[in-house]
Amino acid sequence: MNNKIFKIIAKLLSFIADKTKLTYNEINIIVYYLLIPFSWLCLLDIIFNFHHLKIAFVIFTIGFFVGCRDFKTYSDWLFAKSVSFLNYFNRYGSNYFASSVWICVSLPILVYGLLLFLILK
């Protein structure tokens, strides 16, 4: 099951990469390090009824892109670090595909569920 979910997500990210003319690694970093955290901060701003978190994140992101000399190289480096992190769990009986699904799919879904629960309660 983990392999199927992994392949679906990987194909989706590859499709987006093809359509945007960015690399798979760049799309992966944009989604997991920018879009998902930004969406969580937007939800937290709704919960706390202010806009500070998303504004701070946008300012940080703009500063990052202004200062980043080569986003492709940076994305390749950060993607490699992310793969190393996910492979760390191999020593506990996991594998790259399972760790990817648990940390990059299941965990974000749980966070979204918790944040939406807090908004709707």
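Among the residues of region 90-121, which ones are farther than 17 Å from Met1 by Cβ, surrounded by 14 or more Cβ atoms within 10 Å (Cβ to Cβ) and more than 16 Å from the chain's Cα centre (by Cα)?
Within region 90-121, just Leu115 meets the criteria.
Can you run down the residue pairs with Cβ atoms below 6 Å, 6 or more apart or on separate chains, where the first is in region 63-86 and on the phi > 0 side of the Ramachandran plot and the partner is at pLDDT 95 or above and surrounded by 10 or more Cβ atoms within 10 Å (Cβ to Cβ)?
Close Cβ pairs satisfying both conditions: none exist.
Please go through (1) modelled with pLDDT under 95; (2) touching a Cys at 6+ places or on another chain (Cβ under 6 Å) for Phe50 and return the number of the only condition it doesn't satisfy.
All conditions pass for Phe50, except number (2).
Tally the residues that are farther than 19 Å from Tyr32 by Cβ and either in contact with a strand residue (DSSP E or B) (Cβ under 7 Å, 6 or more places away or on another chain) or not hydroxyl-bearing (Ser, Thr, Tyr) (or both), restricting the search to region 63-94. So that I can check it myself, show each step before the final result.
Of region 63-94, the ones farther than 19 Å from Tyr32 by Cβ are 63, 66-67, 69-70, 90-93.
From the residues that got through so far, the ones that are either in contact with a strand residue (DSSP E or B) (Cβ under 7 Å, 6 or more places away or on another chain) or not hydroxyl-bearing (Ser, Thr, Tyr) (or both) too are 63, 66-67, 69-70, 90-91, 93.
Of the residues in region 63-94, 8 are farther than 19 Å from Tyr32 by Cβ and either in contact with a strand residue (DSSP E or B) (Cβ under 7 Å, 6 or more places away or on another chain) or not hydroxyl-bearing (Ser, Thr, Tyr) (or both).
Given the condition closer than 25 Å to Leu115 by Cα, without any contact (Cβ under 8 Å) to a residue 12 or more places away in the chain and surrounded by 14 or more Cβ atoms within 10 Å (Cβ to Cβ), answer yes or no: does some residue in region 12-28 qualify?
Start the filter on region 12-28 by keeping residues that are closer than 25 Å to Leu115 by Cα, which leaves 12-13, 27-28.
So of that shortlist, the ones also without any contact (Cβ under 8 Å) to a residue 12 or more places away in the chain come out as 12.
Going one step further and asking which of them are surrounded by 14 or more Cβ atoms within 10 Å (Cβ to Cβ), we end up with none.
Within region 12-28, none of the residues are closer than 25 Å to Leu115 by Cα, without any contact (Cβ under 8 Å) to a residue 12 or more places away in the chain and surrounded by 14 or more Cβ atoms within 10 Å (Cβ to Cβ).
Among the numbered criteria (1) in a helix (DSSP H, G or I); (2) small (Gly, Ala, Ser); (3) over 30 Å from Leu120 (Cα atoms), which single criterion is violated by Ser94?
(1)
Considering every residue within region 77-87, establish whether at least one is assigned to a helix (DSSP H, G or I), modelled with pLDDT of 95 or more, surrounded by 11 or more Cβ atoms within 10 Å (Cβ to Cβ) and among the basic types (Lys, Arg).
No, because not a single residue in region 77-87 is assigned to a helix (DSSP H, G or I), modelled with pLDDT of 95 or more, surrounded by 11 or more Cβ atoms within 10 Å (Cβ to Cβ) and among the basic types (Lys, Arg).
Asp45 - would you say it is among the charged types (D, E, K, R), exposed (fewer than 15 other Cβ atoms within 10 Å of the Cβ) and over 17 Å from Phe6 (Cβ atoms)? If you could, list the steps in order and put the result at the bottom.
Details: among the charged types (D, E, K, R): yes; exposed (fewer than 15 other Cβ atoms within 10 Å of the Cβ): no; over 17 Å from Phe6 (Cβ atoms): yes.
Judged against the criteria, Asp45 is not a match.
The values are calculated or read from the model by the stated rules, or taken from the named source; none is laboratory data. The structure displayed is predicted, hence computed values, not measured ones. Using ideal geometry, Cβ is built from the backbone for each residue, glycine included, and neighbour counts are taken over all protein chains shown.
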